[in-house]
1. Pick from 31, 260, 352 the residue whose mean-square fluctuation is largest in a GNM of the chain, springs joining Cα atoms under 10 Å.
2. Could you give the angle, 0 to 90 degrees to the nearest 10, between helix 157-166's Cα long axis and the longest principal axis of the Cα atoms of the chain?
3. For a footprinting-style exposure proxy, rank 235, 33 by other Cβ within 10 Å, fewest first.
4. Stokes-Einstein at 10 °C, 1.306 mPa s, Kirkwood radius from Cα pairs: D for the range 207-380 in µm² s⁻¹?
5. Along its three principal axes, how long is the range 242-321 when you only count alpha carbons? Whole Å, largest extent first please.
6. How far is helix 135-150 tilted, in degrees, relative to the longest principal axis of the Cα atoms in the chain, given as a value from 0 to 90 rounded to the nearest 10?
7. Over the Cα atoms of the chain, what is the Rg over Rh ratio if Rh follows Kirkwood?
8. Quick one: grab Rg to one decimal and Dmax as a whole number for the range 1-72, Cα atoms only, in Å.
Ligand code: GAF
């Protein structure tokens, strides 16, 4: 069964028809993602454990008989129009950089754009924007899957993830890794994607939250973040510096046992950045083992440790994320951490089902007391990855 509700299909179909005055050739969707654990490890060739969530971006799309591309969305105002011949990253701006960037990036992965027909696309989404739940990867993955189908490219999902990443890196200018697009394209219901970002081998790991009576609560702090500027790129540079000084191609090659030697070689700040990556890789492996052997009720301490490492060593948390995490833990969550690139966005809390209302209320109250904007709190479930819907 399609993971998408009929109402969402009807809405995107109606949106397409009102912009372009004819029915779309097809409808595709892709989910946002939450990362259970493994932060900033992807661009270090390490391990991540995200899952696709039950919030999706939907794209209705048709090819044209000429070389014009027109993209419109429920969140972006007027349609943006461009010829396929003008499809270069320097010509993109605003939200349309995501779909246009994907069309351009497909050209970098073998599509002969000089021979392809133009297209019209209308995009709708219920993935919250700016919450750290990869609304951008959801757009990229849905459009990549749609164009792969209508242009008859035959690219596999791992390659489509690279297409989305390239669009994000070059068309949007955010130096991000491969995690988000992989989760959106490879996710499966009730499961996480255990991805080795060096080999790109992916394994589906059953989460078992439901039978254990657990839910994953998102706490969207409403603190906006932007991976195209500032901190994210700086952390990536620190990791590359650390790897160079330690004489390894990537921090994936550094193990927990190597940390004492690393402490001798690196300055304090670079060492702490490296220590986060090295220990976080180990926490992903430990989480996968715990999920397989002992069940999700045992992963709380790993989530907590991950947050402390991001707060103190990688320094990508903000006071609102720390407050969300400590309040959720105090109100009964079995583990909590910030999720995603940091500097804002969301925290996650793994919570016994009957305590969800109490945790949500406690977090809202704590934010009000400290004078912060009211956070959004909602439960997400692990859902299927990108799919053709109609
Ligand atoms: C963002 C990036 F897009 C991912 O590639 C990843 O680096 C993440 O931050 C941090 O784990 O979501």
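Computed from the coordinates by the stated procedures, all read-outs in this text should not be read as laboratory data. Since we're looking at a predicted model, the values are computed, not measured. Reconstructed Cβ throughout: ideal geometry from the backbone, glycine too, with neighbour counts over all protein chains shown.
1. 260
2. 90
3. Going from sparsest to densest Cβ surroundings: 235, 33.
4. 93
5. Taking max minus min along each principal axis of the Cα atoms, the range 242-321 gives 39, 31, 18 Å.
6. On a 0 to 90 degree scale, this one is about 40.
7. Using only Cα positions, Rg/Rh for the chain is 0.98.
8. 16.9, 47
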